[in-house]
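The values are calculated or read from the model by the stated rules, or taken from the named source; none is laboratory data. No experiment lies behind these values; they were computed from the predicted model shown. Cβ placement follows ideal geometry from the backbone for every residue including glycine, while neighbour counts extend to all protein chains displayed. Each accessible area value is taken on the protein alone, full model and side chains, heavy atoms only, with ligands, DNA and RNA left out. Shrake-Rupley method; radii C 1.70, N 1.55, O 1.52, S 1.80 Å.
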Amino acid sequence: MQFFMKRQNFKGTISFGVGFFFLVIGWPIIGMVLEAYGFIVLFSGFWPTLAVFLQRIPIVGWLFQQPYIRSVCFVSKL
């Protein structure tokens, strides 16, 4: 609960909550777009950690270590 109530996470939390509300009232496209935006904003700090994790998976890691994919994903060199 503390994660969602942090001041820097309000924008993502509110977007996700409003998106869920739109899903419940029957506007799925707008709701899913708002939820996706909220998810990206909320968990944007975890993307570098996820990128390093993906690089260490045996088969998938090879793909994420390619120069073009690295530049697109903004994955730093290990």
Check your understanding: Only one residue in Ile59, Ile30 is part of a helix (DSSP H, G or I) and under 30 Å from Met5 (Cβ atoms), so which one is that?
Key -> Ile30
Review point. Here is a list of conditions, (1) at pLDDT 85 or above; (2) of a type outside the set (A, V, I, L, M, F, W, C); (3) within 17 Å of the chain's Cα centre (by Cα), and Gly45 meets all of them except one; can you say which number that is?
Key: (1)
Practice item. Residue by residue through the range 1-16, note down the ones that are open to solvent by 60 Å² or more (accessible area, probe 1.4 Å) and either part of a loop (DSSP other than H, G, I, E, B) or of a type in the set (S, T, N, Q) (or both). Key: Met1, Gln2, Lys6, Gln8
Study note, to complete from the structure: When Arg56 is run through (1) at pLDDT below 80; (2) basic (Lys, Arg); (3) surrounded by 10 or more Cβ atoms within 10 Å (Cβ to Cβ), the failure sits at (1)
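Which residues, taken from the range 17-39, are open to solvent by less than 90 Å² (accessible area, probe 1.4 Å) and at pLDDT below 90?
Listed by number, the residues that qualify are Gly17, Gly38.
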